[in-house]
Amino acid sequence: MDAETQQRVEETVLEILNNSNMEETTEYKIRKSASDKLGIDLSDPTWKKFIRQVVESYLQEQQAKAEQQEEEEEEEEEEEEENNRKRGEKDDDEGGLIICRLSDKRRVTISDFRGKTLVSIREYYKRDGKELPTAKGISLTTEQWSSFKKNVPAIEKAIKKMESW
């Protein structure tokens, strides 16, 4: 097993691995495909052992990449939560995300209710150290919020018109 052939086999095996569905492929299929592609008999135990090492190394590398990506995603989520806290956004006592406080008793929150995201503008009261929502307010679905947001310029125009009377 000369170094040049070994290099070609490794490159071919890695190419096959990169283009394979890892849920369906087997070491045998990879070895057979590399053998056909290179025109070399890779069924010798020495080649089998070498290909197994290449495959195991590849799988370990893929696992490490997946773990790295997962860690980066977790760090991004933590960073986003920290940024939300810095901007004054935090979770309320009911599990919603506080976007802003309009006054001591009124605030805008985003929450999930029965699988739907709601934007709520609501008054709150304190009981046992917790801030709880009152019935006084409104909760909008994301579709309703989009419609409202689209019409904000018209609302602002009407406000200016009324203020100039």
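The values are calculated or read from the model by the stated rules, or taken from the named source; none is laboratory data. Since the model is a prediction, treat every value here as computed from it, not as a measurement. For neighbour counting, all protein chains shown are included, and Cβ atoms are generated from backbone atoms with ideal geometry for every residue, glycine included. Side chains included, ligands, DNA and RNA excluded: accessible areas come from the protein's heavy atoms. Shrake-Rupley method; radii C 1.70, N 1.55, O 1.52, S 1.80 Å.
Remarks
- Set Arg52, Arg87: member being at negative phi, at pLDDT below 90 and open to solvent by 100 Å² or more (accessible area, probe 1.4 Å): Arg87
- Test: residue in the range 145-163 that is of a type outside the set (Val, Ile, Thr), open to solvent by 90 Å² or more (accessible area, probe 1.4 Å), assigned to a strand (DSSP E or B) and free of Cβ contacts under 8 Å to residues at least 40 places away in the same chain: no
- Residue satisfying all of: in the range 16-33; under 15 Å from Arg52 (Cα atoms) and among the charged types (D, E, K, R); surrounded by the fewest Cβ atoms within 10 Å (Cβ to Cβ) among these: Lys29
- The one condition in (1) in a loop (DSSP other than H, G, I, E, B); (2) modelled with pLDDT of 90 or more; (3) under 35 Å from the mean Cα position of the chain (by Cα) that Lys29 fails to fulfil: (1)
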